[in-house]
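Undergrad: Take this structure first; my questions come after.
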Amino acid sequence: MKQKEDSLSVLASGGQGRRPILTGAVRRVLDSERLSPPPIWLMRQAGRYLPEYRAVRAKAGSFLDLCFSPELASEVTLQPVERFGLDAAILFSDILVVPHALGRRVAFVEGEGPRLDPIDATGIVALDMAGFAERTAPVMETVSRVRDSLGPRVSLIGFCGAPWTVATYMVAGKSTSDQFPARTLAAASPAAFQQLIDTLVEASAAYLVAQLRAGADVVQIFDSWAGVLGPDEFQRWSIAPTARIVALVRGAVRAARIIGFPKGVQFGLERYVRETGVDGVSLDWTVPLDMARDRLQSLVAVQGNLDPAVLAAGGAGLDQAVDRILAELANGRFIFNLGHGIVPETPIPHVEQVIARVRRQA
Ligand code: CP3
């Protein structure tokens, strides 16, 4: 309970038994500050590129067993923070915990990725929230444990998948390259698809509120597949549901800070930022830095956007890429991150190289 005594802690608005809101660097940038050097964390920072992760993963049983074990999930959440001294921890879990908690069958097949029973109109009608809080309780226990172990200056980021991205896996039952099955269902049966999205809005908002109440100080909404949608569909299936989640979460936790990550949308980013009401936007590596600086950073904090392939490659090219990002974005509200998740082949010294460079130690 170290952080509760820290003078930097301020009490959350109202509510008994709520955690104090902390002043970790990521949180401060989302609140309004420009920090130099900028805070840094990495998407998928707890993962297979770390030997200590692989060791815990090997004894956990299935991937979902790991997600639902507060003891092991909190351990792997803390691993990259302890190893690298990052400015934020991100809850170790998965976006597919939500369909699982809605009663769908979810499994992760080694080397192949997620497998779900593909949902149809009948399955969509049958989804319900009964049991959701109980099934996600172990995740909240993980959040609470991690918060108790982190110093007050390290932010704890909770997350969920955006309804569109979660729906793509629920409909196809697996990863696909262009989410053709979900795009087809949305076009052929828009009412049924809307109902699926509405259920996911409700579940995701409840899930994020519970994480914030358990001790997360920031939450991120991953819309990894926003980029496969046409402009009207992006509005309907990505922006509108995300805006509803943001409003619901803020209605329940006034001090919530929310980062959106609509991957692959390029020219849709400004509309996404203006219409969803997020406090920060995470950028993939295809986003031009001058566009991010001129059109987005004046509206919200920006986060990103080193290409995970450039990180994996390393060398002088990695330094140059980090320097370019800092030159364009570090004069405003900025959180250094990758443009998508770190890949398992990434050498650990490359991660150390980036962190030192961002902190101007190399
Ligand atoms: O960032 C972190 O360190 C927190 C943990 C985290 C995981 N998944 C753990 C994970 C987060 C934030 C996610 C989000 C997630 N999960 C997304 C959105 C972000 C993105 O990457 O686009 C998506 C689309 C998923 C769904 C998912 N989970 C897929 C497609 C896969 C298989 C592909 C893969 O990388 O293996 C997963 C599995 C998964 N989730 C792993 C991890 C560490 C690897 C499985 C393992 O270690 O056994």
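Undergrad: Can you pull out the residues in the stretch 235-264 that are among the charged types (D, E, K, R) and in contact with a Lys or Arg (Cβ under 9 Å, 6 or more places away or on another chain)?
TA: Arg257
Undergrad: Consider Arg153 carefully, then state whether it is over 15 Å from the mean Cα position of the chain (by Cα) and touching a residue at least 60 places away in the same chain (Cβ under 8 Å).
TA: Working: over 15 Å from the mean Cα position of the chain (by Cα): yes; touching a residue at least 60 places away in the same chain (Cβ under 8 Å): yes.
It is true that Arg153 is over 15 Å from the mean Cα position of the chain (by Cα) and touching a residue at least 60 places away in the same chain (Cβ under 8 Å).
Undergrad: Tell me the residue from Val146, Val98, Val125, Val106 that is more than 11 Å from the ligand (Cβ to nearest atom) and within 21 Å of Arg44 (Cβ to Cβ), please. Give the derivation first.
TA: Values: Val98 fails: more than 11 Å from the ligand (Cβ to nearest atom); Val125 fails: within 21 Å of Arg44 (Cβ to Cβ); Val106 fails: more than 11 Å from the ligand (Cβ to nearest atom).
Being more than 11 Å from the ligand (Cβ to nearest atom) and within 21 Å of Arg44 (Cβ to Cβ) holds for just one of Val146, Val98, Val125, Val106, which is Val146.
Undergrad: Right, another one. For the condition touching a residue at least 60 places away in the same chain (Cβ under 8 Å) and exposed (fewer than 15 other Cβ atoms within 10 Å of the Cβ), what is the one hit in Pro344, Pro349, Pro288?
TA: Values: Pro349 fails: touching a residue at least 60 places away in the same chain (Cβ under 8 Å); Pro288 fails: touching a residue at least 60 places away in the same chain (Cβ under 8 Å).
None of the others qualify; the one that does is Pro344.
Undergrad: Something else: Out of the residues in the stretch 59-93 that are of a type in the set (Phe, Trp, Tyr) and more than 11 Å from the ligand (Cβ to nearest atom), which is least open to solvent (accessible area, probe 1.4 Å)? Before you say what the answer is, go through the steps one by one.
TA: Kept after step one, since they are of a type in the set (Phe, Trp, Tyr), are these residues of the stretch 59-93: 63, 68, 84, 92.
Narrowing further to those that are more than 11 Å from the ligand (Cβ to nearest atom): 68, 84.
On the way: Phe68: 45, Phe84: 22 Å².
Step by step, filter the stretch 59-93, then rank; the result is Phe84.
Undergrad: Report, by residue number, each residue of the stretch 274-285 that is assigned to a helix (DSSP H, G or I) and surrounded by fewer than 22 Cβ atoms within 10 Å (Cβ to Cβ).
TA: Let us first name the residues in the stretch 274-285 that are assigned to a helix (DSSP H, G or I), namely 274-276.
Matches in the stretch 274-285: Arg274, Glu275.
Undergrad: Identify the residue in the stretch 128-142 that is in contact (Cβ under 8 Å) with a residue 60 or more places away in the chain and assigned to a helix (DSSP H, G or I) and, among all such residues, is farthest from the ligand (Cβ to nearest atom).
TA: It comes out as Ala133.
Undergrad: Residue by residue through the stretch 126-150, note down the ones that are open to solvent by less than 40 Å² (accessible area, probe 1.4 Å) and under 19 Å from the mean Cα position of the chain (by Cα). Please lay out each step first, then the result.
TA: So the first thing to find is which residues in the stretch 126-150 are open to solvent by less than 40 Å² (accessible area, probe 1.4 Å), and the list is 127, 131-132, 136, 138-140, 142-144, 146-147, 150.
Thr136, Pro138, Val139, Met140, Thr142, Val143, Ser144, Val146, Arg147, Leu150 - these are the residues of the stretch 126-150 that are open to solvent by less than 40 Å² (accessible area, probe 1.4 Å) and under 19 Å from the mean Cα position of the chain (by Cα).
Undergrad: Now a separate question. Taking Arg145, is it under 23 Å from Thr23 (Cα atoms), of a type in the set (Lys, Arg) and either out of contact with any Ser or Thr (no Cβ under 6 Å at 6 or more places or on another chain) or in contact (Cβ under 8 Å) with a residue 40 or more places away in the chain (or both)?
TA: Numbers: under 23 Å from Thr23 (Cα atoms): yes; of a type in the set (Lys, Arg): yes; either out of contact with any Ser or Thr (no Cβ under 6 Å at 6 or more places or on another chain) or in contact (Cβ under 8 Å) with a residue 40 or more places away in the chain (or both): yes.
Spelling it out, Arg145 is indeed under 23 Å from Thr23 (Cα atoms), of a type in the set (Lys, Arg) and either out of contact with any Ser or Thr (no Cβ under 6 Å at 6 or more places or on another chain) or in contact (Cβ under 8 Å) with a residue 40 or more places away in the chain (or both).
Undergrad: May I ask you to list the residues in the stretch 35-65 that are more than 19 Å from Val343 (Cα to Cα), assigned to a helix (DSSP H, G or I) and of a type in the set (A, V, I, L, M, F, W, C)?
TA: Narrowing the stretch 35-65 to residues more than 19 Å from Val343 (Cα to Cα): 35-39, 59-62, 64-65.
Next cut, assigned to a helix (DSSP H, G or I) only: 59-60, 64-65.
Ala60, Leu64 - these are the residues of the stretch 35-65 that are more than 19 Å from Val343 (Cα to Cα), assigned to a helix (DSSP H, G or I) and of a type in the set (A, V, I, L, M, F, W, C).
Undergrad: Right, here's the next one. Name the single residue, out of those in the stretch 94-125 being in contact (Cβ under 8 Å) with a residue 12 or more places away in the chain, of a type in the set (A, V, I, L, M) and farther than 24 Å from Ile157 by Cβ, that is surrounded by the fewest Cβ atoms within 10 Å (Cβ to Cβ).
TA: Filtering first and then ranking leaves Val125.
Undergrad: What are the pairs, 6+ residues apart or on separate chains, where a residue within the stretch 215-229 that is more than 8 Å from the ligand (Cβ to nearest atom) has its Cβ under 6 Å from a residue that is aliphatic (A, V, I, L, M) and in a strand (DSSP E or B)?
TA: Every condition considered, the pairs that remain are Ala216/Leu156; Asp217/Leu156; Val218/Ile157; Val219/Ile258.
Undergrad: Turning to a different aspect of this structure: Taking the options Val166, Val171, Val201, name whichever one is open to solvent by 10 Å² or more (accessible area, probe 1.4 Å), part of a helix (DSSP H, G or I), closer than 26 Å to Phe92 by Cα and in contact with a helix residue (DSSP H, G or I) (Cβ under 9 Å, 6 or more places away or on another chain). Walk me through it before giving the result.
TA: Details: Val166 fails: open to solvent by 10 Å² or more (accessible area, probe 1.4 Å); Val201 fails: open to solvent by 10 Å² or more (accessible area, probe 1.4 Å).
Answer to the selection: Val171.
Undergrad: For residues that are open to solvent by less than 60 Å² (accessible area, probe 1.4 Å) and free of Cβ contacts under 8 Å to residues at least 24 places away in the same chain, tally how many sit in the stretch 291-313.
TA: Number of matching residues: 1.
Undergrad: Something else: Residues of the stretch 207-238 being in a helix (DSSP H, G or I) and within 16 Å of the chain's Cα centre (by Cα), which ones?
TA: Tyr207, Leu208, Val209, Ala210, Gln211, Leu212, Ala226, Ser238
Undergrad: Does Ala187 satisfy the criteria of being assigned to a helix (DSSP H, G or I), open to solvent by 30 Å² or more (accessible area, probe 1.4 Å) and small (Gly, Ala, Ser)?
TA: Taking the combined requirement at face value, the residue satisfies it.
The values are calculated or read from the model by the stated rules, or taken from the named source; none is laboratory data. No experiment lies behind these values; they were computed from the predicted model shown. Because the Cβ atoms are built from the backbone with ideal geometry, glycine has one as well, and the counts that use them run over all protein chains shown. The accessibility values were calculated without ligands, DNA or RNA, using every heavy atom of the protein model including side chains. Shrake-Rupley method; radii C 1.70, N 1.55, O 1.52, S 1.80 Å.
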